[in-house]
Amino acid sequence: MRFSVISSLFALAATGSAAVVGKGKGKAGGVGPAAVKPDILLVPGAWHTPAAFDLVRDQLTRRGFQSTAVPLLTGVPEDAAAIRAELEKLVDAGKEVMVISHSYGGVPAAAAVEGLNLKDRAAQGQKGGVLMVVHMTSFAAKVGTSLMDSLGGNPLPWFNITGDILTPINPVKVFYADVEPKLAEKSAEAILPSSLRAMTDKGTFAPWDAGFQMGFIHTEDDQAIPIAIQKQMAAQFPAGSFSATLKSSHSPFLSMPEQLSEVIEQASVFAKKP
Ligand SMILES: *[C@@H]1O[C@H](CO)[C@@H](O)[C@H](O)[C@H]1NC(C)=O
């Protein structure tokens with residue numbers, strides 16, 4: 001295997017899947033009801049369009065997951081509203097949703113889930129809601145602080161700030177070092193400029209402090225967000241949160257979509273249903 005997951009996760013995932021088989025619920029000798037798989041809502045980082053997730057979404061489809069990817073625009077409030085609109089469509093349809101954010105996307109994704117925790121909705125007799133918020137090498141900014149604040153106010157070395165426009169310097173190296181070269185080149189060409197404001201807008205809600213189930217997918221060979229910074233983000237999450245590590249660059253959805261889909265499935269099995 002090219003990735004490793006903390007060993008306790010395997011134990012918990014095994015327990016989870018055993019429970020899901022539901023012995024005795026079906027006809028004698030039959031198989032129990034299949035677990036309902038959550039919908040997967042993918043939130044890109046800065047500069048990336050939803051098309052960046054096409055490969056991993058194909059893999060999720062093979063595993064029986066429905067997925068959606070949200071296009072982001074210019075700043076945290078606008079991007080949070082775009083995510084919220086997609087999320088509400090799913091929740092209103094009674095879906096259980098795992099929100100998976102990449103990189104910058106963690107800041108608006110956190111704001112977007114406020115009030116939609118599956119557990120809280122179930123307690124009020126409502127169907128659907130957010131089952132888990134998973135940060136995939138993604139920023140977790142405290143309420144009232146920005147992505148830039150969570151870097152101690154120091155722009156990452158590969159930030160190219162020109163006025164209020166932010167672009168990455170050398171995206172092939174920084175984002176796609178382990179991606180097949182042609183795909184890396186194509187992905188770099190697809191990069192759109194981001195507003196600098198996306199990095200300085202403040203977070204408004206911290207699901208990890210508000211009873212949401214959380215997860216973090218670490219990427220060990222990440223040259224955009226070093227693993228040490230990822231660990232600082234994840235350290236804010238409650239004990240017992242889902243955690244996995246891929247031996248990947250910043251973009252496992254391009255370099256190892258199959259393994260990433262497996263980790264997402266593990267997170268879905270790990271998540272406790274209300
Ligand atoms: C930084 O961005 C500006 C315009 O957005 C561009 O002209 C310049 O070449 C970039 N610098 C690097 C080092 O990529």
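General remarks:
- Nearest-ten-degree value, helix 7-21 long axis tilted from longest Cα axis of the chain: 40 degrees
- Against the main long axis of the alpha-carbon atoms of the chain, helix 257-270 sits at an angle near 50°.
- q = 0.10 Å⁻¹, the chain: log10 I(q)/I(0) [Debye, one scatterer per Cα]: -0.48
- Accessible area per residue, Å², segment 99-140 with all protein chains present, probe 1.4 Å: 25 Å²
- Simple point charges give the picture: +1 on the Cβ of Lys and Arg, -1 on the Cβ of Asp and Glu, and for segment 150-207 a dipole about the Cα centre of about 100 debye.
- Accessible-area composition of the chain, carbon plus sulfur, in percent [1.4 Å probe]: 57 percent
- Translational diffusion coefficient (Stokes-Einstein; Kirkwood radius from C-alpha pairs) of segment 133-204 at 37 °C, 0.692 mPa s, in µm²/s: 241 µm²/s
- Report summary: the helix-based calculation at 222 nm, which adds -39500 (n - 2.57) for every DSSP H run with n ≥ 4 and divides by the residues of the chain, gives -10500 deg cm²/dmol.
- The charge dipole of segment 126-258, taken about the Cα centre with unit charges on the Cβ atoms of Lys, Arg (+1) and Asp, Glu (-1), comes to about 280 debye, rounded to the nearest 20.
- Radius of gyration and maximum dimension Dmax of segment 110-237, Cα, Å: 16.9, 50
- With bins 5 Å wide beginning at 0, the percent of Cα pairs of segment 50-170 falling in each bin runs 2, 10, 17, 22, 19, 14, 8, 5, 2, 1, 0.
The values are calculated or read from the model by the stated rules, or taken from the named source; none is laboratory data. If you're wondering where the values come from, they're calculated on a predicted model, not measured in any experiment. Positions of Cβ are generated from backbone atoms using ideal geometry, with glycine treated the same way; all protein chains shown enter the neighbour counts. The protein model used for the area step is the full one, side chains on, heavy atoms only, and it has no ligands, DNA or RNA in it. Shrake-Rupley method; radii C 1.70, N 1.55, O 1.52, S 1.80 Å.
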